[in-house]
Amino acid sequence: MKKHLLLFICLLICTAGLKAKDFTLTSPDGKLKATITTDSKITYSISYNEIQVIVPSEIALTLGNGTVLGQNPKLTKQIRKTINETISTVAYRKSTVKNNCNQLTLTFKEGYSIDFRAFDNGFAYRFNLALGKNEVIIKDETAQFNFAEDYPTYYAHSNSPGSVETQLSCSFENHYNHTPMSQMGKDKLSFLPVLVELPQNVKAVITEVNQFSYPGMFLQNFNAEKGVKGLFAQLPKTMEQGGHNMLQMLVKERYDYIAKVQPNRSLPWRAIALSCNDKDMTDNDLVFCLADECKLKDTSWIKPGKVAWDWWNDWNIEGVDFRAGINNETYEYYIDFASRFGIEYVILDEGWAVNLQADMMQVIPEIDLKRIVEYGKKKNVGIILWGGYKAMDKDMDKLCKHYSEMGVKGFKVDFMDRDDQIIIDFYNRMAETAAKYNLLVDFHGAFKPSGMNRTWPNVINYEGVKGLENMKWDAECDQVTYDVTLPFIRLVAGPMDYTQGAMHNANKSNFRAINSEPMSQGTRCRQLAEYIIFESPLNMLCDSPTNYEKEPVYTRFLANIPTTWDETKTLDGEISKYIITARRSGNSWYIAGMTNWDSRTIKLDLSFLGELDNYNFECFTDGVNADRRATDYKHEFKLVNTEIKMQPGGGFLIKATKK
């Protein structure tokens with residue numbers, strides 16, 4: 001990784017006996033101001049653009065021996081520095097990221113320090129331990145986020161019902177509630193990220209970064225209903241194999257502490273992304289900047305791309321002389337389709353390995369993996385294998401070595417459905433082991449990303465989203481509103497495996513949940529726009545090859561949309577209403593928009609392109625009847641008007657290529 005501007009470090013060192021209690025840290029542009037107080041407790045507060053974001057909020061660690069790091073702290077040293085660097089990225093939404101912040105590190109006699117960082121668009125802190133030679137038990141962590149008022153909040157509850165204990169195991173997929181913070185519920189866990197709406201349109205998104213051998217953070221309402229605090233899964237003590245097709249480990253008993261960690265290490269960042277308007281939040285790089293540097297010397301083998309996917313369309317293909325399903329002939333058909341349209345990968349999803357065995361070395365007799373992989377090689381199509389967590393964890397190194405040598409390009413790993421320390425360790429072992437054998441990883445059944453795509457860029461995608469798969473069975477959901485909400489919240493954390501691309505599209509009144517012949521909500525152009533608006537370096541074409549083949553011009557355009565980008569701009573947007581995003585790859589800009597269930601006419605500001613006469617345009621817009629028949633769209637090779645009408649649940653995509 002090349003840094004175009006090395007760290008510029010300004011040190012201010014104060015010796016033991018420092019008497020100062022309050023410390024101020026400002027962002028490079030001066031708009032963010034944090035105050036850290038080290039009195040009987042350590043607290044922090046934040047103002048941004050002259051708006052009070054966080055009022056004094058406590059941070060602390062409780063150790064297994066009863067010691068509380070952060071209580072009656074004895075400050076010995078402070079160090080200030082400025083970080084100003086440019087990071088070259090791998091498989092991201094821009095080719096370089098500017099990382100510029102001011103850092104304050106406070107060191108305490110009790111054997112720990114805390115880093116605080118102030119960015120122009122966010123704030124973060126983390127604990128650093130220096131506690132000797134023996135493993136340390138962390139009984140609990142205090143992470144408070146107190147607000148001045150009961151502000152409106154977007155949050156998603158754990159989708160596991162019942163007690164707090166049962167809510168800890170979930171798939172991290174749910175629609176967003178939008179209520180005052182007080183209505184989040186003290187007995188309900190919300191998973192990250194969470195967005196808080198502040199005065200003067202300021203937005204704050206709470207998340208975390210660098211989850212290494214430490215549990216993830218849920219949020220609970222507390223503090224007279226004006227704040228939230230972190231809650232962490234306790235370390236599992238006993239587990240039992242079970243769950244979906246015996247692919248999960250179900251927690252039966254937990255220890256009374258959250259983690260057992262090395263005595264000298266950094267803990268995850270607690271991060272708050274900030275923006276003065278809605279649209280800027282969708283292009284916030286705070287998580288990427290806070291993540292550890294890339295651990296791979298060679299990333300040239302990491303190849304993002306599109307994927308022809310089998311499971312969503314239920315292996316439904318037509319006009320063939322073999323029985324479609326999980327067999328060699330069907331996958332060779334998918335490979336032929338992918339090859340014709342320049343699609344880089346085909347996934348073999350659930351079903352290729354013997355069911356209920358949690359053993360990825362046991363392949364069903366209908367599948368000859370070597371044959372399929374070799375056929376894909378001849379057609380320049382890579383194969384990715386789906387696997388459940390327990391099966392993948394059995395003998396990870398053996399599996400990765402075996403399938404890498406066969407020519408498999410990566411794994412889609414599913415059904416972790418937890419974020420305690422054991423599962424976090426699995427994620428990191430999986431990333432490192434896969435990288436050892438030049439394998440990609442797509443974490444499905446996963447919590448939100450937390451910067452691993454920078455540290456281990458072979459981890460190319462995450463789920464942690466209530467994606468299009470839910471259209472197969474959830475008849476009551478409002479996916480259209482969700483689609484224009486999650487770019488402002490979930491995508492702040494990083495890329496997502498949403499699995500778009502439906503060819504059977506329906507308006508609100510016509511939508512039905514049909515598992516074997518699924519459809520999407522909203523128009524055809526909305527599905528197309530999602531390939532630009534939703535960041536996803538490994539991006540699915542979820543529908544049947546048969547359905548795509550019926551519209552080859554559309555499909556070829558879709559298949560050729562890049563999945564990583566040189567530059568990104570969010571042109572406009574309002575959370576839960578609409579969004580317009582522009583991304584550049586080479587000399588082509590892709591500009592896309594989506595609306596909620598309201599018809600919306602927008603005026604595009606394309607001034608960033610310069611003279612429009614210097615571009616060739618290709619445009620997909622909602623047809624005049626798309627409100628009735630959602631598959632109706634117009635395809636034109638000219639930009640007729642910069643005023644675009646989106647039908648209810650609609651969207652558009654414009655490709656502008658420099659002449």
Just to be sure I understand, how many residues within the range 48-64 are open to solvent by 30 Å² or more (accessible area, probe 1.4 Å), outside any loop (DSSP other than H, G, I, E, B) and within 18 Å of ALA271 (Cα to Cα)?
4
Return yes when TYR498 is open to solvent by less than 10 Å² (accessible area, probe 1.4 Å), part of a loop (DSSP other than H, G, I, E, B) and aromatic (Phe, Trp, Tyr) and no when it is not.
yes
Filter the range 320-335 down to the residues that are within 21 Å of CYS542 (Cα to Cα) and either surrounded by 16 or more Cβ atoms within 10 Å (Cβ to Cβ) or without any contact (Cβ under 8 Å) to a residue 40 or more places away in the chain (or both) and list them by number.
VAL320, ARG323, ALA324, ILE326, ASN327, GLU329, THR330, TYR331, GLU332, TYR333, TYR334, ILE335
Identify the residue in the range 563-603 that is of a type in the set (Gly, Ala, Ser) and under 29 Å from ASN507 (Cα atoms) and, among all such residues, is surrounded by the fewest Cβ atoms within 10 Å (Cβ to Cβ).
SER599
Given the options TYR257, TYR345, name the one that is open to solvent by 10 Å² or more (accessible area, probe 1.4 Å), modelled with pLDDT of 95 or more and closer than 21 Å to PHE443 by Cα.
TYR345
Subset tally (residues that are part of a loop (DSSP other than H, G, I, E, B), open to solvent by less than 40 Å² (accessible area, probe 1.4 Å), farther than 22 Å from ASP280 by Cα and not charged (D, E, K, R)) for the range 170-209
5
What are the pairs with Cβ atoms under 7 angstrom where one residue, in the range 33-51, is on the phi > 0 side of the Ramachandran plot and the other, located anywhere, is outside any strand (DSSP E or B)? Sequence gap at least six, or different chains.
ASN49/LYS31; ASN49/VAL202; ASN49/CYS276
Can ASP292 be described as farther than 23 Å from GLY407 by Cα, open to solvent by 40 Å² or more (accessible area, probe 1.4 Å) and touching a strand residue (DSSP E or B) at 6+ places or on another chain (Cβ under 8 Å)?
no
Please find, among LEU250, LEU274, the residue that is in a strand (DSSP E or B), surrounded by 23 or more Cβ atoms within 10 Å (Cβ to Cβ) and at negative phi.
LEU274
Selected residue (criterion: nearest to the chain's Cα centre (by Cα)) from residues of the range 228-247 that are open to solvent by 60 Å² or more (accessible area, probe 1.4 Å) and either modelled with pLDDT under 95 or under 23 Å from ARG270 (Cβ atoms) (or both):
LYS229
The listed residue being within 24 Å of ASN84 (Cα to Cα) and modelled with pLDDT of 50 or more, out of LEU7, LEU32, LEU11:
LEU32
How many residues, within the range 400-416, are of a type outside the set (Gly, Ala, Ser) and open to solvent by 10 Å² or more (accessible area, probe 1.4 Å)?
7
I need every pair where a residue in the range 230-248 that is free of Cβ contacts under 8 Å to residues at least 60 places away in the same chain has its Cβ under 6 Å from the Cβ of a residue that is outside any strand (DSSP E or B) and open to solvent by 40 Å² or more (accessible area, probe 1.4 Å), sequence separation at least 6 or different chains.
LYS237/TYR255
Identify the residue in the range 370-388 that is open to solvent by less than 10 Å² (accessible area, probe 1.4 Å) and part of a helix (DSSP H, G or I) and, among all such residues, is farthest from ILE460 (Cα to Cα).
ILE372
Is it fair to say ALA353 is surrounded by 22 or more Cβ atoms within 10 Å (Cβ to Cβ), of a type in the set (A, V, I, L, M, F, W, C) and over 28 Å from ILE561 (Cα atoms)?
yes
Selection from the range 307-319 of residues more than 16 Å from LYS550 (Cβ to Cβ) and either open to solvent by 10 Å² or more (accessible area, probe 1.4 Å) or in a loop (DSSP other than H, G, I, E, B) (or both) yields TRP309, ASP310, TRP311, TRP312, ASP314, TRP315
Got at least one residue in the range 467-490 being touching a Pro at 6+ places or on another chain (Cβ under 9 Å), among the small types (Gly, Ala, Ser) and either crowded, with 22+ Cβ neighbours inside 10 Å or modelled with pLDDT under 95 (or both)?
no
Qualifying positions in the range 150-169 - surrounded by 15 or more Cβ atoms within 10 Å (Cβ to Cβ), out of contact with any Cys (no Cβ under 6 Å at 6 or more places or on another chain) and of a type outside the set (A, V, I, L, M, F, W, C)
ASP150, TYR151, THR153, TYR154, TYR155, HIS157, GLN167, SER169
Mind checking whether some residue in the range 526-542 is over 17 Å from GLY467 (Cβ atoms), over 18 Å from the mean Cα position of the chain (by Cα) and surrounded by 20 or more Cβ atoms within 10 Å (Cβ to Cβ)?
no
Which of the following residues is among the hydroxyl-bearing types (Ser, Thr, Tyr), touching a strand residue (DSSP E or B) at 6+ places or on another chain (Cβ under 7 Å) and in a loop (DSSP other than H, G, I, E, B): THR621, THR631?
THR631
I'm trying to understand the selection: among the residues of the range 578-608, which are more than 21 Å from the chain's Cα centre (by Cα) and of a type in the set (D, E, K, R)?
ASP598, ARG600, LYS603, ASP605
Name every residue in the range 346-365 that is in a strand (DSSP E or B) and under 16 Å from TRP312 (Cα atoms), in order of residue number.
VAL346, ILE347, LEU348
Here's a check for you: in the range 87-118, which residue that is within 26 Å of the chain's Cα centre (by Cα) and not in a strand (DSSP E or B) is surrounded by the fewest Cβ atoms within 10 Å (Cβ to Cβ)?
SER95
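Here is a yes/no grid of residues against (1) over 25 Å from ALA233 (Cα atoms); (2) touching a Ser or Thr at 6+ places or on another chain (Cβ under 6 Å); (3) open to solvent by 10 Å² or more (accessible area, probe 1.4 Å); (4) not hydrophobic (A, V, I, L, M, F, W, C):
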residue: ALA391; (1), (2), (3), (4): no, no, no, no
residue: ILE422; (1), (2), (3), (4): no, no, yes, no
residue: TYR427; (1), (2), (3), (4): no, no, no, yes
residue: TYR437; (1), (2), (3), (4): yes, yes, yes, yes
residue: ALA446; (1), (2), (3), (4): no, no, no, no
Considering residues that are within 19 Å of ILE46 (Cβ to Cβ) and in contact with a helix residue (DSSP H, G or I) (Cβ under 8 Å, 6 or more places away or on another chain), the number found within the range 189-230 is 13
Is there any pair linking a residue in the range 189-202 that is closer than 12 Å to HIS175 by Cα to one that is open to solvent by 10 Å² or more (accessible area, probe 1.4 Å) and part of a strand (DSSP E or B), with Cβ under 6 Å and at least six apart or on different chains, and which?
SER190/HIS157
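The values are calculated or read from the model by the stated rules, or taken from the named source; none is laboratory data. Since this is a predicted model, take the numbers as computed values, not measurements. When we count neighbours, we look across all protein chains shown, and the Cβ atoms used for this are built from the backbone with ideal geometry, even at glycine. Ligands, DNA and RNA are stripped out before the accessible areas are found, and what is left, the full protein with its side chains, is counted by its heavy atoms. Shrake-Rupley method; radii C 1.70, N 1.55, O 1.52, S 1.80 Å.
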